[in-house]
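Have a look at the structure below, then the notes.
The values are calculated or read from the model by the stated rules, or taken from the named source; none is laboratory data. None of these values were measured; they are calculated from a predicted model. Neighbour counts run over all protein chains shown; Cβ positions are idealised from the backbone, glycine included. What goes into the accessible areas is simple: the full protein's heavy atoms, side chains included, and nothing from ligands, DNA or RNA. Shrake-Rupley method; radii C 1.70, N 1.55, O 1.52, S 1.80 Å.
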Amino acid sequence: MSVTSEEIRSQPELWERAGALAASLDGILPAPGEDAAVIGCGTSWFMAQAYAALREGNGHGRTDAFAASEMPSRPYDVVVALSRSGTTTEVAHALMRSARSRTVVITAVPDSPVANAADEVVELEFADEQSVVQTRFATTALSLLRAHEGLDLAASIADAVTALDAPLPVEPGQADRWAFIGRGWTVGLASEAALKLRESAQAWTEAYPAFEYRHGPISIAGPGAVVWSFGPADDVLEDARAAGALTVAPDLDPLASLVLAQRTGVALAEAAGLDPDRPRNLTRSVVLSEVPK
């Protein structure tokens, strides 16, 4: 079994630990009514998008999400950064430019440049990974944030256990292009699922808000295409099926559906003779010799 597969299988236990930790973070993570920005790169950016939509949808305050390199200069009550490695150059630079905001980093490596640039650090060392392709740190961080938003994680954890051994909804060889769609906070999960298949298996993937899929992208739906939904989008899936695409809408918590997508990425990689632990052109962290302007 690949390291990536082993780390995927560890997620339910880590989500439970994150849920227990969330209660101790009042006064650190954004409080109701505070304006917040959430930043990250790659997978962490997509988790930031999910949390921002979830928090604002819950009525807990304006919450914006940015790729760290695109963080604006305006102040917020709190800026939350997500960084598995704690070494990503753009994240550290964005925190240093946020001097007018209280800053918090959620990281697996508390002794790191990103952690040193933040006012407060939430340590998730127990969710760190060996794999280049990020899986369990991202979902554990989002589970922590979901729990801090007041969600009981029990159903999500139970669904993740189910997702670890459920049959894959699409087997390798059935499709040559994938579109992931979501609504609200699951738009970020759709983008992350697409990234996982690209990173692990070099697959052709796309991601969209569900109802945007009909505004152009559905033109490539047809035999060999998969449309995978992370939220209610029955009409969109019906249109995709009518065009000949395979449709997937797991009856699982959306974060558990992401676990199923992670497993799919590994399966596609292995079927193509690729090593999911050694994705092409990727490293665990992007450290730049020059700070982006």
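So if I check each of ALA53, ALA108, ALA118, ALA81, which one is under 13 Å from the mean Cα position of the chain (by Cα) and not acidic (Asp, Glu)?
Within the list ALA53, ALA108, ALA118, ALA81, the selection yields ALA53.
Just wondering, is there one or more residues in the range 201-224 that are among the polar types (S, T, N, Q), part of a loop (DSSP other than H, G, I, E, B) and over 16 Å from the mean Cα position of the chain (by Cα)?
Yes: one or more hits.
Only one residue in VAL105, VAL132 is at pLDDT below 95 and either outside any loop (DSSP other than H, G, I, E, B) or surrounded by fewer than 23 Cβ atoms within 10 Å (Cβ to Cβ) (or both), so which one is that?
That would be VAL132, the only listed residue that is at pLDDT below 95 and either outside any loop (DSSP other than H, G, I, E, B) or surrounded by fewer than 23 Cβ atoms within 10 Å (Cβ to Cβ) (or both).
Would the range 157-178 turn up any residue that is at pLDDT 95 or above, out of contact with any helix residue (DSSP H, G or I) (no Cβ under 8 Å at 6 or more places or on another chain), over 25 Å from GLU206 (Cα atoms) and buried (at least 17 other Cβ atoms within 10 Å of the Cβ)?
No: zero hits.
Filter the range 253-274 down to the residues that are of a type in the set (Asp, Glu) and open to solvent by less than 60 Å² (accessible area, probe 1.4 Å) and list them by number.
ASP253
Test of understanding: among ALA138, ALA163, ALA155, which residue is over 30 Å from ARG278 (Cβ atoms) and either outside any loop (DSSP other than H, G, I, E, B) or not aromatic (Phe, Trp, Tyr) (or both)?
One residue alone meets the criteria, ALA155.
Taking the range 183-230 only, how many residues are more than 19 Å from ARG263 (Cβ to Cβ), in contact with a Gly (Cβ under 8 Å, 6 or more places away or on another chain) and among the aromatic types (Phe, Trp, Tyr)?
The number of residues fulfilling the criteria is 1.
Assess whether ASP277 counts as being part of a helix (DSSP H, G or I) and either open to solvent by 20 Å² or more (accessible area, probe 1.4 Å) or not polar (S, T, N, Q) (or both).
no
Taking the criterion of being charged (D, E, K, R), more than 21 Å from THR186 (Cα to Cα) and out of contact with any Pro (no Cβ under 8 Å at 6 or more places or on another chain), would at least one residue in the range 38-61 satisfy it?
No, that holds for no residue.
For residues that are touching a residue at least 12 places away in the same chain (Cβ under 8 Å) and open to solvent by 10 Å² or more (accessible area, probe 1.4 Å), scanning just the range 135-151, find the one that is nearest to the chain's Cα centre (by Cα).
Restricting to residues being touching a residue at least 12 places away in the same chain (Cβ under 8 Å) and open to solvent by 10 Å² or more (accessible area, probe 1.4 Å), the top hit is ARG136.
Can you give me the number of residues within the range 108-129 that are under 26 Å from MET1 (Cα atoms) and either open to solvent by less than 30 Å² (accessible area, probe 1.4 Å) or in a strand (DSSP E or B) (or both)?
Selection size over the range 108-129: 4.
Any residue in the range 224-247 that is modelled with pLDDT of 95 or more sitting within a Cβ distance under 7 Å of a residue that is among the acidic types (Asp, Glu) and surrounded by fewer than 21 Cβ atoms within 10 Å (Cβ to Cβ)? List the pairs, counting only those 6 or more apart or interchain.
As it stands, the answer is GLY224/ASP176, since those pairs meet every condition given.
Is there a residue being among the hydroxyl-bearing types (Ser, Thr, Tyr), open to solvent by 80 Å² or more (accessible area, probe 1.4 Å) and modelled with pLDDT under 95 anywhere in the range 210-218?
The answer is no; no qualifying residue exists.
Here are the criteria: (1) under 19 Å from ALA272 (Cβ atoms); (2) assigned to a strand (DSSP E or B). Tell me which single one ALA194 does not satisfy.
So ALA194 meets the others, but not (2).
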